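What follows is a short report on a single structure.
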Amino acid sequence: MRDFHNEGQINVHGDFNVTDNSRNEHKLLAHCSSEELLHERPFRQGNIQLEQARKVRRLKPYYAISLALFLLAAAWATFVGKADLASLVLGGVSLVVAYASLKATVESNGFQIEEQAAVAEINKILKQRRVE
């Protein structure tokens, strides 16, 4: 409804229904046929892989930052000739950034969890129907 600009020309006194004539019918997975489920499962698995690729692409700058901080700490320690507070802080920050970015990469986000649950439900339904 954000694209619908009234500008005071249309006055609605009562209910206002918008029908977009879409043919999208939503069905529960239990109501789908076995063939539909067999086509739905690769789609959901592809969604999981796409989301994982998006996460990796989004977190690449953090990998680079952690590597740069670690190299800076090593260069600083080499330049000074000993480990001092600055090199320890830079090394520690790089490890924290690296850990956080790797954790965000490995752990499933909400969308991936939902898609994994849908794939598991499809597998369960297909086993109950003895298709697999």
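Summary table
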{"item": "Pairs with Cβ under 7 Å, 6+ apart, first in region 103-117 and touching a residue at least 24 places away in the same chain (Cβ under 8 Å), second surrounded by fewer than 14 Cβ atoms within 10 Å (Cβ to Cβ) and assigned to a helix (DSSP H, G or I)", "result": "Thr105/Val56"}
{"item": "Some residue of region 38-46 being crowded, with 17+ Cβ neighbours inside 10 Å, of a type in the set (A, V, I, L, M, F, W, C) and not in a loop (DSSP other than H, G, I, E, B)", "result": "no"}
{"item": "Failed criterion for Val80 (all others in (1) in contact (Cβ under 8 Å) with a residue 60 or more places away in the chain; (2) surrounded by fewer than 15 Cβ atoms within 10 Å (Cβ to Cβ); (3) over 20 Å from the mean Cα position of the chain (by Cα) hold)", "result": "(1)"}
{"item": "Total residues in region 80-113, condition in a helix (DSSP H, G or I) and out of contact with any helix residue (DSSP H, G or I) (no Cβ under 9 Å at 6 or more places or on another chain)", "result": "5"}
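Values in this text are rule-based calculations from the coordinates and carry no lab data. Not measured: the values here are computed from a predicted model. Heads up, the Cβs are rebuilt from the backbone with ideal geometry, glycines too, and the neighbour counts pull from every protein chain shown.
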